[in-house]
Amino acid sequence: MVNFSTHKKAVLAIAGFLVLSLTLSSCDTLRQKFTRKKKKGEVEDQSFVPVLEPEEYPAPQLNAVQNYKENYDLIKAWYKDLWTAIDDKSSARYIHYTISQVTNHITQMQKLVDAPTQADLVKLSHMLDYYRDSLDDSWTVRNVSRIQSDLRAFDRYMRDHLRADRIKGHFVKIVK
């Protein structure tokens with residue numbers, strides 16, 4: 001009869017010895033296999049050093065009409081984003097950000113015009129107040145038709161009264 005317990009011990013001892021010998025003998029082989037080497041012909045050119053040239057930014061324009069038109073165009077772009085946000089029922093945080101961008105551009109425009117036109121710009125800014133106040137409410141409580149009506153009035157007032165070609169002669173000189 002064969003004693004299986006001694007046979008198992010012998011097989012395990014031989015397997016352990018085999019694993020140990022392969023581990024010790026193949027360490028260099030494995031290291032060479034997984035070490036990254038540069039390919040022949042791929043020599044870095046050490047003589048090339050990139051030189052960064054400073055970029056000159058354009059000076060702020062001193063043309064009030066041009067600055068006004070740029071802010072007007074940016075308000076129109078933010079206005080479209082505001083309509084999209086209403087249609088998509090975006091988060092109140094994004095809508096508040098959009099309204100604050102519109103208000104910031106209106107503030108920039110106020111610096112470029114005389115007092116009567118500044119009053120029109122303040123009136124334009126106040127047209128967004130109802131919507132800004134309703135941002136605390138959920139979408140189900142908000143009066144969306146009133147908001148859309150106010151936004152249409154905002155756009156109409158802006159087109160009819162505050163376009164650059166409508167307020168000729170109301171611009172002030174920009175001082176450095």
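Tabulated data for the structure shown
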| item | result |
| --- | --- |
| Cα-only Debye scattering, the stretch 94-145: base-10 log of I(q)/I(0) at q = 0.21, 0.32 Å⁻¹ | -0.76, -1.21 |
| Relative contact order of the chain, pairs being alpha-carbon contacts under 8 Å that are 6 or more residues apart, as % | 25 |
| FRET efficiency, Asp88 to Leu52 (Cβ-Cβ, R0 41 Å, nearest 0.05) | 0.45 |
| Where only C-alpha atoms are counted, convex hull volume of the chain per residue in Å³ | 342 |
| Residue-level accessible surface for Glu55, protein heavy atoms, 1.4 Å, Å² | 130 |
| Protein-only accessible surface order, largest first, of His96, His170 at 1.4 Å | His96, His170 |
| Within the stretch 149-173, backbone nitrogen closer than 20 Å to the virtual label 7 Å beyond the Cα of His126 toward Cβ | 149-163 |
| Anchor Lys80: lysines whose Cα lies under 22 Å away (excluding residues fewer than 8 positions away in-chain) | Lys69, Lys89, Lys123 |
| Projected-area mean, the stretch 89-176, by convex hull of Cα positions, square nanometres | 6.5 |
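The values are calculated or read from the model by the stated rules, or taken from the named source; none is laboratory data. Being a predicted model, the structure only gives us computed values, none of them experimental. Using ideal geometry, Cβ is built from the backbone for each residue, glycine included, and neighbour counts are taken over all protein chains shown. Just so you know, the surface numbers come from the protein's heavy atoms only, side chains and all, with ligands and any DNA or RNA stripped out. Shrake-Rupley method; radii C 1.70, N 1.55, O 1.52, S 1.80 Å.
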